1. List the chymotrypsin sites (Phe, Trp or Tyr not before Pro) in segment 68-140 that DSSP assigns to loop (not H, G, I, E or B) and whose Cβ has at most 11 other Cβ atoms within 10 Å. Which are they?
2. Report the label-to-label distance for Asp160 and Ile98 in nanometres (one decimal), using points 7 Å from each Cα along the Cα→Cβ vector.
3. Quick check on the exposure proxy: order Val183, Val117, Val89 from fewest to most C-beta atoms within 10 angstrom.
Amino acid sequence: MNPSTRRRKRLVVAGVVATALSVAGAGAAMAANGARAGSVEEAATPDPVVEEAATPDPVVESAPVDVPPSAPEEVYDALWDAGYTIEDVDALATLWGIDPMDAKARTGQMLLDGEPVPVAPGSTPSYFPESDEYEAFWAAGYTYDDLLALGALWGLEESDAKARAGQALIDGETLPIAPGSSVTS
């Protein structure tokens with residue numbers, strides 16, 4: 001996949017997440033306003049919460065999280081252990097208008113502090129539709145050298161060999177090369 005396609009997909013994902021959050025916030029504000037409206041006069045008065053929600057802000061402001069640039073390992077472990085994906089991290093970085101590395105540290109620290117994170121773990125669509133196959137390949141203990149050996153054996157490019165091998169593993173098939181058995185130099 002070329003870099004411009006990947007970037008376009010990231011922007012689409014970020015736009016979908018931002019739109020969903022804006023719609024959810026506006027809906028919640030309207031529901032809260034509707035529950036409070038007891039009279040016609042009160043209902044005719046503009047609600048500052050609804051007006052604020054109607055004006056989209058591209059960056060969601062939240063209290064800064066004090067995480068050093070080289071965050072401790074437990075901050076990153078909290079992020080990955082909670083089930084966040086790199087796509088989730090990119091969505092959060094876009095939402096907050098910060099670098100993905102800072103978003104990883106910020107999210108991990110928020111999790112450690114028990115604070116809510118505006119994007120649920122695993123909720124952002126994958127950049128790679130074949131990610132299940134890729135995950136199965138790596139989870140089975142195969143290495144990059146194994147991938148190269150399988151690609152040479154099957155006459156396939158790396159990504160195609162990885163997808164084929166991963167699907168075979170998902171289907172319960174045995175690959176012609178054992179995990180970690182290939183060494184290419």
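Each value in this text was obtained by applying a stated rule to the coordinates, not by laboratory testing. All of these numbers come straight from a predicted model, not from anything done at the bench. Counting neighbours? That spans all protein chains shown, and the Cβs are built from the backbone with ideal geometry, glycine included.
1. Working: sites: Tyr76, Trp80, Tyr84, Trp96, Tyr127, Tyr134, Phe137, Trp138; in loops: Tyr84, Tyr127.
Of the chymotrypsin sites (Phe, Trp or Tyr not before Pro), not one in the loops of segment 68-140 has a Cβ with at most 11 other Cβ atoms within 10 Å.
2. Taking the simple label geometry, Asp160 and Ile98 are separated by 4.2 nm.
3. On the way: Val183 10, Val117 17, Val89 22.
The order, fewest Cβ neighbours first, is Val183, Val117, Val89.
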